[in-house]
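First comes the structure, then the notes that go with it.
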Amino acid sequence: QVQLAESGGGLVQAGGSLRLSCAASGRTVSGYAMAWFRQAPGKEREFVAVINWSGDSRYNQPSVKGRFTISRDSAENTVHLQMNSLIPEDTATYFCAASPLDGLWTGGRMYAYWGQGTQVTVSS
């Protein structure tokens, strides 16, 4: 069983930056694809970014390309999301997810483990 815990959310002004972290525990996530999703109030959960287990391949949702970067530290069993040039539309609860099937999955149903989420609020 894998437990995921997100941190790093908060309130930031438009144009600012935040770095989200997701710590995995219970077992190693070596071999797992890791991703970030987000859900804004009244909206469905949406894919943000994914990274494969080796960390050499990643994919971002087009709306965050060039602003968000996903990375992972296998030694620390963590994954990060560096968010720059934040805009109010990025306001959401951000969730970390882990899939035992390695791949650049964008569908939530491919992920077996989820964190509780961390709130990101971007003010204009």
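Some notes on this structure:
- Residues within the range 103-122 that are in a loop (DSSP other than H, G, I, E, B) and open to solvent by 60 Å² or more (accessible area, probe 1.4 Å), tallied: 5
- Scope the range 26-44; condition open to solvent by less than 60 Å² (accessible area, probe 1.4 Å) and within 16 Å of the chain's Cα centre (by Cα); matching residues: 29, 32, 33, 34, 35, 36, 37, 38, 40
- Screening residue 87 with (1) in contact with a helix residue (DSSP H, G or I) (Cβ under 9 Å, 6 or more places away or on another chain); (2) within 14 Å of residue 48 (Cβ to Cβ) gives one miss only, at (1).
- If only residues of the range 69-102 that are of a type in the set (Gly, Ala, Ser) and at pLDDT 95 or above are counted, the one that is farthest from residue 56 (Cα to Cα) is 92.
- Filter result for residue 50 (open to solvent by less than 50 Å² (accessible area, probe 1.4 Å), in contact with a Leu (Cβ under 7 Å, 6 or more places away or on another chain) and among the hydrophobic types (A, V, I, L, M, F, W, C)): yes
- The condition (being surrounded by 15 or more Cβ atoms within 10 Å (Cβ to Cβ) and in contact with a His (Cβ under 9 Å, 6 or more places away or on another chain)) is satisfied by just one residue among 99, 71: 71.
- Residue in the range 106-124 that is farther than 17 Å from residue 7 by Cβ, in contact with a helix residue (DSSP H, G or I) (Cβ under 9 Å, 6 or more places away or on another chain) and modelled with pLDDT under 95 present: yes
- One residue stands out among those in the range 74-96 that are over 12 Å from residue 4 (Cβ atoms) and among the hydrophobic types (A, V, I, L, M, F, W, C): the one that is most open to solvent (accessible area, probe 1.4 Å), which is 75.
- Residue in the range 74-81 that is closer than 18 Å to residue 39 by Cα, among the charged types (D, E, K, R) and more than 13 Å from the chain's Cα centre (by Cα) present: no
The values are calculated or read from the model by the stated rules, or taken from the named source; none is laboratory data. None of the values given here were measured: they were computed from a predicted structure. Note that each Cβ is placed from the backbone with ideal geometry, even for glycine, and that neighbours are counted across all protein chains shown. Note: accessible area is taken over every heavy atom of the protein model, side chains too, but ligands, DNA and RNA are not part of it. Shrake-Rupley method; radii C 1.70, N 1.55, O 1.52, S 1.80 Å.
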